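Take a look at the structure set out below.
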């Protein structure tokens, strides 16, 4: 396996998220930061990892206006313990956006609302 290909596998420039977007990783801190709108992670149960699964990324969860609302390295715990509170706040500020009750089974979206089937 050529070195550049191996390096991209271990320390990728971008990570794909459930919405289909490819989000750039910020390596200026440890662990690396993935700043992504909250709705783009619906359906994702665990924090993304790099370095062959050995390193979790630090998630900067963003509002629809791309403002930070939460920082976590434990997405599963965020969905269980904090999401309902964050959802209540964001639903008030962004009422046209999609705020499902169960983010683990919801469809991720980069749009205001998911596409109708």
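What follows draws every value from the coordinates through simple rules; no lab data is involved. Just so we're clear, the structure is a prediction, and the values are computed from it rather than from any experiment. FYI the Cβ positions are ideal-geometry reconstructions off the backbone, even for glycines, and counts take in every protein chain you see.
Quick notes on this one:
- Residues of the range 66-102 classified as in contact (Cβ under 8 Å) with a residue 12 or more places away in the chain, closer than 26 Å to residue 26 by Cα and part of a loop (DSSP other than H, G, I, E, B), total: 3
- Screening residue 61 with (1) surrounded by 17 or more Cβ atoms within 10 Å (Cβ to Cβ); (2) out of contact with any helix residue (DSSP H, G or I) (no Cβ under 6 Å at 6 or more places or on another chain); (3) under 20 Å from residue 111 (Cα atoms) gives one miss only, at (2).
- Condition check for residue 51: surrounded by 10 or more Cβ atoms within 10 Å (Cβ to Cβ), free of Cβ contacts under 8 Å to residues at least 60 places away in the same chain, in contact with a helix residue (DSSP H, G or I) (Cβ under 9 Å, 6 or more places away or on another chain) and under 30 Å from residue 5 (Cα atoms): yes
- Out of 36, 71, 56, one residue alone is in contact with a strand residue (DSSP E or B) (Cβ under 8 Å, 6 or more places away or on another chain) and crowded, with 20+ Cβ neighbours inside 10 Å. It is 36.
- The residues in the range 1-23 that are more than 13 Å from residue 51 (Cα to Cα) and surrounded by 13 or more Cβ atoms within 10 Å (Cβ to Cβ) can be counted, and the count is 5.
- Selection within the range 79-88 - within 14 Å of residue 39 (Cβ to Cβ) and either exposed (fewer than 13 other Cβ atoms within 10 Å of the Cβ) or touching a strand residue (DSSP E or B) at 6+ places or on another chain (Cβ under 8 Å) (or both): 86
- Meets criteria (in contact with a strand residue (DSSP E or B) (Cβ under 8 Å, 6 or more places away or on another chain), touching a residue at least 12 places away in the same chain (Cβ under 8 Å) and surrounded by 13 or more Cβ atoms within 10 Å (Cβ to Cβ)) for residue 29: no
- Selection of the range 39-53 for residues being under 23 Å from residue 94 (Cβ atoms) and in contact with a strand residue (DSSP E or B) (Cβ under 9 Å, 6 or more places away or on another chain) yields 40, 41.
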